[in-house]
Every structure is written in structure tokens, then in C-alpha cells.
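Below is one structure, written out as C-alpha cells; the observations come after it.
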Amino acid sequence: MKNTLIIPFSLLAVLSLTLVSAAYGQNAAREVDSLFREDQFYVGFQYNLLNNGPSGVAQYGLSGGVQLGVIRDMPISKNRQWSLGIGLGYELDYLNHNIQISKDSNDQLNYRVLSLNDFDSNKLVTHSLSFPVEFRWRNATPSEHKFFRIYPGFRLSKIFSNRASFKLNSEVLKYTSRLGLETWQYGPTLSLGYAQFNLSLYYGLNKMFTKEAMNNGAPKDMSKIKLGLILYIL
């Protein structure tokens with residue numbers, strides 16, 4: 001499991017460093033443009049929190065994630081400090097938690113909340129396409145490229161791949177399809193900060209698991225909150 005996470009995170013780290021270098025290079029060579037657009041690429045790193053989990057549900061270690069994508073910036077004011085942003089992105093998220101997802105001989109899903117001492121590792125990894133929309137304010141000018149920003153918005157995400165893994169001593173269970181997750185996730189977002197680096201927040205509005213999964217023991221009403229840093233690049 002560790003090796004499968006190292007590869008995508010290594011690739012994303014290299015891409016992030018490349019984008020950061022490009023951003024600083026663009027700022028150094030950028031010409032004054034009265035029709036400027038801002039923040040059309042982004043890379044973010046986040047911490048995933050389970051929200052509204054029932055008694056006994058817990059996380060351990062670091063539950064993190066990475067997001068990256070492109071947003072089309074569309075200024076709506078004459079000074080171009082107000083705009084709309086509509087984009088397309090990718091998200092990798094993983095959760096270290098104590099909810100065991102398993103299947104019986106009839107391929108029926110089962111969910112159990114375990115003690116943290118009852119396993120060596122228990123992870124849930126998801127890959128998603130995301131569709132962010134932002135209403136943007138920034139005090140940028142044609143010649144000033146370091147500025148304050150406040151970007152409230154909304155994000156819709158579609159999970160296209162997921163994996164649950166459980167390990168206890170020599171016992172290893174892995175499942176890569178039909179885990180009972182709601183494939184569409186959505187919620188409000190907020191990014192704010194100065195220059196390239198900013199704080200980001202996502203608050204999931206819908207539940208993590210489907211009604212069928214909750215009938216089979218999956219936690220009810222549980223959703224996700226994501227806190228992190230986001231880097232915007234022209």
C-alpha cells in the first residue's frame with residue numbers, strides 16, 4: 001500500500017515544483033497587461049477530516065490529499081479585480097480510519113467500526129475529477145502580481161477510482177470497486193491569502209456513503225472537511 005501511494009505523490013510533487021518554478025519565472029518576465037487574468041492554475045495540499053462521525057469512529061496518522069487543476073478566470077469588473085472562475089481539476093485523497101470495509105462470499109459489503117488496536121493499517125484512497133466554481137475578489141493591478149485574494153466558491157467532485165485496504169499481521173484485504181461511496185461529492189469552498197500561498201477550506205454537504213451502504217452498517221450522516229494550503233499560478 002505504501003508503494004502505491006509513493007508513486008503518485010512523487011509525480012505530483014515533481015509537477016508542483018515545476019509549476020512553482022514556472023510561476024516565479026512568469027512573475028519576473030511578465031509584461032504589463034491591462035486585460036490581465038489571474039490564478040488560472042492551482043496546486044493544493046490538504047488534510048482530510050471526517051465530519052459527523054458516530055461514536056467510536058476515529059482517524060489515526062495523517063489523512064491527506066492533493067489537488068491540482070486549471071481555472072478559467074473571467075473578470076466581471078472594469079478594474080478586473082472581481083471575476084468568476086470555472087475550472088477542471090484532479091483530487092487524490094486518502095483516509096486512515098477505523099472503519100473496516102469488507103465483502104462476504106456473496107460480494108455483499110460489510111462495515112465494522114474497529115478499535116485502533118485491532119489492525120495494523122486501514123486506508124481508503126479515492127481519485128476524483130473536480131469541477132470548481134469561484135466568485136473572486138483580489139486587489140491585483142496590471143503591474144502588481146502579489147496581492148490579497150478572497151475566493152468563496154463551490155466544488156463538485158466525481159470519484160472515478162477508489163480502494164480500501166486492511167492489514168492485520170499477515171492478513172491483507174484489498175477492494176478496488178463498489179465500496180458503497182457516493183461517487184458525487186459537493187460542498188462550498190473558500191480560499192484566501194496573499195501572493196502564491198493561501199489557506200483553503202472545503203466543507204462536504206452530502207454523505208460519504210450511499211443509502212444501501214448505510215443499511216449495511218456504514219456510518220450515517222458522515223461527510224468530509226478538507227483544510228489545507230493552495231498555490232495559485234497564472
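The values are calculated or read from the model by the stated rules, or taken from the named source; none is laboratory data. Model, not experiment: these values are computed from the prediction. Positions of Cβ are generated from backbone atoms using ideal geometry, with glycine treated the same way; all protein chains shown enter the neighbour counts.
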Kindly list, by first and then second residue, each pair from a residue in the range 135-156 that is among the hydroxyl-bearing types (S, T, Y) to a residue that is assigned to a strand (DSSP E or B) and surrounded by fewer than 17 Cβ atoms within 10 Å (Cβ to Cβ), limited to pairs with Cβ atoms under 8 Å and residues at least 6 apart or on different chains. Y151/F135; Y151/W137; Y151/L190; Y151/L192
Of (1) of a type in the set (G, A, S); (2) farther than 18 Å from I159 by Cβ; (3) surrounded by 13 or more Cβ atoms within 10 Å (Cβ to Cβ), S77 fails just (3)
Checking the structure you have, find out if any residue of the range 153-161 is of a type in the set (A, V, I, L, M) and within 23 Å of N98 (Cβ to Cβ). yes
I want to confirm something. Restricting to the range 170-187 and keeping residues that are under 30 Å from F135 (Cβ atoms) and not hydroxyl-bearing (S, T, Y), which single residue is surrounded by the most Cβ atoms within 10 Å (Cβ to Cβ)? Q185
Is it the case that D39 is acidic (D, E) and in a loop (DSSP other than H, G, I, E, B)? yes
Considering the range 212-234 alone, what residues qualify as being assigned to a strand (DSSP E or B) and surrounded by 17 or more Cβ atoms within 10 Å (Cβ to Cβ)? S223, K224, K226, G228, I230, L231, Y232, I233
Say whether the condition of being surrounded by fewer than 21 Cβ atoms within 10 Å (Cβ to Cβ), assigned to a helix (DSSP H, G or I) and more than 19 Å from the chain's Cα centre (by Cα) is met by at least one residue in the range 188-211. yes
Total residues in the range 55-67, condition surrounded by fewer than 20 Cβ atoms within 10 Å (Cβ to Cβ) and part of a strand (DSSP E or B): 2
Filter pass, N79 being among the polar types (S, T, N, Q), modelled with pLDDT of 90 or more, more than 28 Å from D118 (Cα to Cα) and out of contact with any Lys or Arg (no Cβ under 7 Å at 6 or more places or on another chain): yes
When the residues of the range 108-131 are filtered to those that are within 19 Å of V172 (Cβ to Cβ) and in contact (Cβ under 8 Å) with a residue 60 or more places away in the chain, which remaining residue is surrounded by the fewest Cβ atoms within 10 Å (Cβ to Cβ)? R112
Please determine, by comparing only the residues of the range 157-182 that are in a loop (DSSP other than H, G, I, E, B) and either touching a Leu at 6+ places or on another chain (Cβ under 8 Å) or in contact (Cβ under 8 Å) with a residue 40 or more places away in the chain (or both), which one is farthest from L114 (Cα to Cα). R178
